[in-house]
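Reading through the structure tokens given below for one structure.
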Amino acid sequence: MYICFVADSFSQIYIQLVFVVRGREKLIREAWEEELFKYISGIITAKGQKLIAINGVEDHIHILIGMKPSCRLSDLVKEVKFSSGGFINDKQFIKKQFRWQEGYGAFSYSQSAIKNVINYIQNQKEHHRKTTFEEEYRDFLRKFDIEYQEKYFNKGLDS
């Protein structure tokens, strides 16, 4: 359990982040993904947040974070994406310039759901043998009752 104490206030905030390689290209390789995930974990920890789970496949990643209320989610995501993209490029893991797509998904969970979310994130490779990113993401948006425009599911279109 991740509980944060702030000025006589208690909070417990769990957020699953999902973000995608620009153009949904399949660029993340198993050969170096663990190094990438450790790097991202370091960024999140350095920002005072708690990384609970991280995993992904060739074109996107999932991150479950225990967040403090003092953290601005958009700033954290911006830092993770900017720094991890630079890390991939500096390490020359791929021959071309790596970039994350601009948008991201952020989904909140209760304490009772955390074990299932961790399991879901840990089993991404198996999950995506049967389900595409687009199907998975539409399911998230429907499950969380989030309105979306179908045009953002066209490959290569940055939101």
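Just a few scattered comments:
- Residues that are under 16 Å from the mean Cα position of the chain (by Cα), more than 21 Å from V77 (Cα to Cα) and surrounded by 11 or more Cβ atoms within 10 Å (Cβ to Cβ) within region 105-126 comprise N123, K125, listed in sequence order.
- Selection status of A53, small (G, A, S) and under 17 Å from Q124 (Cβ atoms): yes
- I43 surrounded by fewer than 17 Cβ atoms within 10 Å (Cβ to Cβ) and of a type in the set (V, I, T): no
- Complete set of residues in region 6-52 that are assigned to a loop (DSSP other than H, G, I, E, B) and touching a His at 6+ places or on another chain (Cβ under 9 Å): I28
- Residue match in region 43-50 (condition: more than 24 Å from H127 (Cα to Cα), modelled with pLDDT of 95 or more, under 14 Å from the mean Cα position of the chain (by Cα) and aliphatic (A, V, I, L, M)): yes
- Residues of region 54-73 that are surrounded by fewer than 22 Cβ atoms within 10 Å (Cβ to Cβ) and over 12 Å from the mean Cα position of the chain (by Cα): E58, G66, K68, P69, S70, C71, R72.
- Some residue of region 33-40 being touching a residue at least 24 places away in the same chain (Cβ under 8 Å), surrounded by 13 or more Cβ atoms within 10 Å (Cβ to Cβ), of a type outside the set (A, V, I, L, M) and over 27 Å from H127 (Cβ atoms): no
- Any chance N123 is at pLDDT 90 or above and out of contact with any His (no Cβ under 7 Å at 6 or more places or on another chain): yes
- Residue within region 5-19 that is within 16 Å of the chain's Cα centre (by Cα), loosely packed, with under 15 Cβ neighbours inside 10 Å and free of Cβ contacts under 8 Å to residues at least 40 places away in the same chain present: no
The values are calculated or read from the model by the stated rules, or taken from the named source; none is laboratory data. Since this is a predicted model, take the numbers as computed values, not measurements. For neighbour counting, all protein chains shown are included, and Cβ atoms are generated from backbone atoms with ideal geometry for every residue, glycine included.
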